[in-house]
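Q: If you scroll down you'll find the structure; I have some questions about it.
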Amino acid sequence: MNKLPLILALAFFSACASNSDTREISQEEEPSNVLEKMTLSVDTVIIDSGETIIDTRNLVEYVKKVYSSVSEDGKLLYIFDREKLILQEIDLNSLKLVNRYPFELEGPDGVTRFVYTFRILSSGEFLVTDLLGNAALFSESGKKLRSIKPNGEKLLQNTNLEPYSINSDLVVDKKAEKLYSLPRNFRTKEIYFAVMNSIGQTGEIFGIPEFQKPFNFSVEYNSGGGGSSQGEQLRLQKPNDLVILSSTFGNSVYVYDPELDSLYYKVFPHELAPLEKDIEIKNQVSSEGEFQAEIEKLYTQIEYGEFYWDEIFQRYYRFARIGLPRASRDSPKRYEFFMFAYDKDLELKGETKLQGVTEIPESGFFKDGKLWSYVNVEDELGFAVMDFKF
């Protein structure tokens, strides 16, 4: 590993006073705020791709989340190149590209040109969805193992949603025994949480009324021949045992416990950062100038990120940011950043405001107790590896 330049290290986090490693701290000795004296070191690693080029243009924020995933043992990273239809397998221990598996565009094993998500399951199979609402499980060698066709017409019959929305944010659990999704309609502000059996023919549709709030923070501008729109992100994750429904809107979540078959709503008692956005926004505007003005309002409001699960410390982590007011829209954006820690039952264990930070991870994964976050190192695939000390 090579040390990151100081500027890049500070771009992720700043260091505070040293403290003992929590791996050696018992539950009784754990401080009330586990992040209060957090320190960390940041290294950078670069993936050796040999004679092959890993197209780092594919690793924009969205692609990192939906076309890359890590095996359950944390040893292998898979990145799907949807332009070339090639699955790239990277050994995270040797830091080398070790295999490339071609996939077919059409035919019985075709993934189509409209791949929307491509993620590995703990079984070693890959969940592939497309923009047309289709989903299937594939082997790493590109063979379609079975199609997944949730019965949206039956499951959503008591809602006003279109049947195809049953596949929105589709997640398959570790054993491929249950399916989860967030069927919704942004225009009618309807959203539900679906829990289905492995083939999506039976299940239960839960109302999640608190998640109608994020719809109030969308802005849309239509100019006849085009337009723009922006809204809050809604997320469905299963980083460990619990299914977590979250939003950029605020810190509140819906949590589904598969063992108990129960869904509950939770607001975290954060003290350092606002709990949610608190501003009035015009949902429909009539000009590009109005649209940009409303977006600028949202920029200065809290924005919560996704959850990360650390198997070593048995904790969830989450980051958030608030934009600082700017003299003009042409001025550089600057933020305040926050970090939060929760135990395996999603009880708040710590929070901190990160000092001297200009950027936080927007996507990544934990391996051996360290957070790996994608970075572009002179057009080579690399990772900032962050080692936390508490």
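The values are calculated or read from the model by the stated rules, or taken from the named source; none is laboratory data. Everything quoted here is computed from the prediction, not taken from an experiment. In this analysis, Cβ positions are derived from the backbone assuming ideal geometry, glycine residues included, and neighbour counts consider all displayed protein chains. Ligands, DNA and RNA are stripped out before the accessible areas are found, and what is left, the full protein with its side chains, is counted by its heavy atoms. Shrake-Rupley method; radii C 1.70, N 1.55, O 1.52, S 1.80 Å.
Q: Only one of 237, 212 is in contact (Cβ under 8 Å) with a residue 60 or more places away in the chain and closer than 21 Å to residue 249 by Cα. Can you tell me which?
A: It is 237.
Q: Among residues belonging to segment 29-47 that are in contact with a Leu (Cβ under 6 Å, 6 or more places away or on another chain) and outside any loop (DSSP other than H, G, I, E, B), point out the one that is nearest to residue 348 (Cα to Cα).
A: In this case the residue turns out to be 42.
Q: OK, next. Of everything in segment 147-179, what is among the β-branched types (Val, Ile, Thr) and in contact with a helix residue (DSSP H, G or I) (Cβ under 6 Å, 6 or more places away or on another chain)? Give them in sequence order. It would help to see each step written out before you state the result.
A: Looking only at segment 147-179, we keep the residues that are among the β-branched types (Val, Ile, Thr), and these are 148, 159, 166, 171-172.
Answer for segment 147-179, where residues must be among the β-branched types (Val, Ile, Thr) and in contact with a helix residue (DSSP H, G or I) (Cβ under 6 Å, 6 or more places away or on another chain): just 166.
Q: Would you mind stating whether residue 117 is at pLDDT 85 or above, part of a strand (DSSP E or B), surrounded by 15 or more Cβ atoms within 10 Å (Cβ to Cβ) and out of contact with any His (no Cβ under 6 Å at 6 or more places or on another chain)?
A: yes
Q: Would you check if there is a residue in segment 174-191 being farther than 18 Å from residue 155 by Cα, under 18 Å from the mean Cα position of the chain (by Cα) and at pLDDT below 95?
A: Yes: one or more hits.
Q: Then there is this: Would you please name the residue that is farthest from residue 319 (Cα to Cα), looking only at residues in segment 238-289 that are open to solvent by 20 Å² or more (accessible area, probe 1.4 Å) and basic (Lys, Arg)?
A: Looking at residues that are open to solvent by 20 Å² or more (accessible area, probe 1.4 Å) and basic (Lys, Arg), I get 282.
Q: Same structure, new question: Take segment 309-350 and flag every residue that is at pLDDT below 95 and of a type in the set (Lys, Arg).
A: 326, 329, 333, 334
Q: Between a residue in segment 327-341 that is in a strand (DSSP E or B) and any residue that is among the polar types (S, T, N, Q), which pairs come within a Cβ distance under 8 Å, given they are 6 or more apart or on different chains?
A: 335/358; 338/352; 339/352; 340/251
Q: Tally time: how many residues in segment 195-226 are of a type in the set (A, V, I, L, M), modelled with pLDDT of 95 or more and open to solvent by 30 Å² or more (accessible area, probe 1.4 Å)?
A: Of the residues in segment 195-226, 1 are of a type in the set (A, V, I, L, M), modelled with pLDDT of 95 or more and open to solvent by 30 Å² or more (accessible area, probe 1.4 Å).
Q: Is it the case that segment 180-194 has a residue that's touching an Asp or Glu at 6+ places or on another chain (Cβ under 8 Å) and either assigned to a loop (DSSP other than H, G, I, E, B) or open to solvent by 60 Å² or more (accessible area, probe 1.4 Å) (or both)?
A: Checked segment 180-194: at least one residue is touching an Asp or Glu at 6+ places or on another chain (Cβ under 8 Å) and either assigned to a loop (DSSP other than H, G, I, E, B) or open to solvent by 60 Å² or more (accessible area, probe 1.4 Å) (or both).
Q: Is one or more of the residues making up segment 219-226 of a type in the set (A, V, I, L, M, F, W, C) and in contact with a Lys or Arg (Cβ under 8 Å, 6 or more places away or on another chain)? Even if it seems obvious, please write down each step before you answer.
A: Restricting attention to segment 219-226, the residues satisfying the condition of being of a type in the set (A, V, I, L, M, F, W, C) are 219.
Then drop every residue that is not in contact with a Lys or Arg (Cβ under 8 Å, 6 or more places away or on another chain), which leaves 219.
Taking every residue of segment 219-226 in turn, at least one turns out to be of a type in the set (A, V, I, L, M, F, W, C) and in contact with a Lys or Arg (Cβ under 8 Å, 6 or more places away or on another chain).
Q: Just for segment 358-390: of the residues that are aliphatic (A, V, I, L, M) and open to solvent by 10 Å² or more (accessible area, probe 1.4 Å), which one is nearest to residue 339 (Cα to Cα)?
A: Once the filter is applied, the top-ranked residue is 360.
Q: When you scan segment 201-314 for strands (runs of 3 or more DSSP E) that lie fully inside it, which ones turn up with 1 or more residues that are within 21 Å of the chain's Cα centre (by Cα)?
A: 227-230, 234-237, 243-247, 250-257, 262-266, 302-310
Q: Another one. Only one of these conditions is not met by residue 11: (1) crowded, with 17+ Cβ neighbours inside 10 Å; (2) at pLDDT 90 or above; (3) not in a strand (DSSP E or B); (4) not polar (S, T, N, Q). Which number is it?
A: (2)
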